[in-house]
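One structure is given here, and the rest of the page talks about it.
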Amino acid sequence: MGQTNNQSESNSLRDALDSMIGQSEAMRRVFDLTLRIAASDSTVLITGESGTGKELIARTIHDRSKRARQPFVAVNCGAIPEDLLENELFGHVRGAFTGAQQSRSGRFMTAKEGTIFLDEIGEITPRLQAKLLRVLQEREFNPLGSDVATRTNARFVAATNRDLREAIPAGLFREDLYYRLAILALELPPLRARRDDIPPLIQHFLKRYGGNPPRTIEEAAMTRLQAYDWPGNVREMENLIERLVTLTDHREIRVQDLPELSSYLRSPREAALLREFILPSDGIDIDQCIRRFQREMMVQALERANGNKTAAANLLGLNRTTFIERMRRHGLGSLIPRRLATPNGP
Ligand SMILES: Nc1ncnc2c1ncn2[C@@H]1O[C@H](COP(=O)(O)OP(=O)(O)OP(=O)(O)O)[C@@H](O)[C@H]1O
Ligand SMILES: [Mg+2]
């Protein structure tokens, strides 16, 4: 946890959320909101990209709530087919379906007065959405095959990495259910939007996976990691650190140890290309280099494609219109195949 202006607030935040690292402005707001949410009893919707810590926050909300001594029951709605999920949540009575020889209580029951965490809520089918809406509205449900409504007093916390508001107009998610779930909403920012948190998180995972004494990390390597975009967020980082600690013997982790992050490019092929470039000691004119590089790649692509613009554009991941527009900009407009002049230099 980071520093806060108010000392007592800082201490209470630290106690409350000691398993979560984050000192950026964005995460301090998240922690503050988490404690407020924990103190209330309303339904919560946690959103955020994959790996941003949604489940950790859900557990923290439970642990810090007055329900902490009751069960925390997590259900991954995206991992279970509809029928099984329904059975899992609501339970069934004997004879509800073929093979139901015994009644079985569902997760809503086992949660008792605790917290139900509905993970990947965006994945549930319209039929289950309707049933869930009833549970949230009436606080009751019918186990499969039963006419008798059962009450639930659990608190509901849901999470999704999809934008449910976008799913509403597309007819994939019920608007009324959305508003029932998002009475309180908490959004976890992606790691690339809070780069201040990257170094302390890395240290945290080095401590966790790094043995005794923990590994250290070279400053240049840290810089790389801080510049990287982390599409898989904290989970990706945790996995990377675990892998690095397992696969290296030396105490200090260096840039060479991070092959797949040697650039923050999309594909390994582009990363391999970039490794060829070494910054000269007296520096470069970066804008001019980019222009030259682009022009050079376009000329080579045209040569490779025997002057076929569509094929050349494909080689560069561009569409034909963009490619032609850029040809014009680079003075390649009237280029004749196999006679590729370079008016701007070598
Ligand atoms: N702020 C943080 N401090 C320490 N560990 C974190 C933090 N955020 C996430 N983690 C760790 O990163 C991993 C991923 O977090 P979590 O499972 O909560 O993410 P998620 O948002 O639920 O991801 P997904 O959408 O993929 O299910 C977990 O091991 C979690 O403990
Ligand atoms: Mg999760």
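The values are calculated or read from the model by the stated rules, or taken from the named source; none is laboratory data. Everything numeric here is computed off the predicted structure, so don't read it as measured data. With ideal geometry, Cβ positions are generated from the backbone for all residues, glycine too; neighbour counts draw on all protein chains shown. For accessibility, only protein heavy atoms count, side chains too; no ligands or nucleic acids. Shrake-Rupley method; radii C 1.70, N 1.55, O 1.52, S 1.80 Å.
Quick check on the chain: helices-only [θ] at 222 nm, where DSSP H runs of length 4 and up contribute -39,500 (n - 2.57) each and the sum goes over total residues. Nearest 500, please. Display every interim value, and only then the final one.
Numbers: 15 runs with 151 residues, N = 346.
Value at 222 nm, helices only, nearest 500: -13000 deg cm²/dmol.
Here the Gaussian network model covers the chain, with springs between Cα atoms less than 10 Å apart; of GLN226, GLN300, GLN23, GLN300 fluctuates the most. The mean sequence distance of close C-alpha pairs (under 8 Å, at least 6 residues apart), as a share of the length of segment 40-189, puts its relative contact order at 37 percent.
Projected label points at ASN212 and GLU296, each 7 Å from Cα along the beta carbon direction, are separated by 5.3 nanometres. Computed extension gain for ASN319 through LEU247, at 0.36 nm per residue and net of the alpha carbon distance, reaches 21.8 nm. Measuring only protein heavy atoms, the 1.4 Å probe finds GLU238 accessible over about 50 Å².
What FRET efficiency would be calculated for the residue pair LEU133, THR98, taking the C-beta separation as r and a Förster radius of 30 Å, to the nearest 0.05? After rounding to 0.05, the efficiency reads 0.60.
For LYS66, the lysines whose Cα falls under 23 Å of its own Cα, not counting residues fewer than eight places away in the same chain, are LYS54, LYS112. With the simple spin-label model, which puts each label point 7 Å out from Cα in the Cβ direction, the ARG195 to ASP163 separation comes to 2.4 nm.
Can you work out D for the chain in µm² s⁻¹ from Stokes-Einstein, where Rh is the Kirkwood radius over C-alpha pairs, the temperature is 4 °C and the viscosity is 1.567 mPa s?
Values: Rh = 24.5 Å.
Diffusion coefficient, whole number: 53 µm²/s.
Heavy-atom accessible area for ARG215, with the other protein chains in place and a 1.4 Å probe, reaches approximately 40 Å².
By its C-alpha gyration tensor, with a ≥ b ≥ c as the square roots of the eigenvalues, how is segment 17-172 shaped: rounded for a/c under 1.5, else prolate for a/b larger than b/c, else oblate? The partial results should precede the final answer.
Details: a/c = 2.29, a/b = 1.61, b/c = 1.43.
Judged from the Cα gyration tensor, segment 17-172 comes out prolate (a/c at least 1.5, a/b above b/c).
Top to bottom by accessible area (1.4 Å), largest first, where do HIS62, HIS250 land? All intermediate terms of the calculation are to be shown ahead of the outcome.
Working: HIS62 5, HIS250 65 Å².
Most to least solvent-accessible, the answer reads HIS250, HIS62.
Couplings 3J(HN,Hα) for segment 66-76, derived from phi with the Karplus relation 6.51 cos²θ - 1.76 cosθ + 1.60 (θ = phi - 60°), are 6, 8, 3, 7, 8, x, 10, 10, 9, 10, 8 Hz, where x marks Gly and Pro.
Here the chain has 48 percent of its accessible surface on carbon and sulfur atoms, given a 1.4 Å probe and all protein chains in place. A full extension of the chain between GLU187 and ASP257 corresponds to an added length of 21.9 nm, given 0.36 nm per residue minus the alpha carbon distance.
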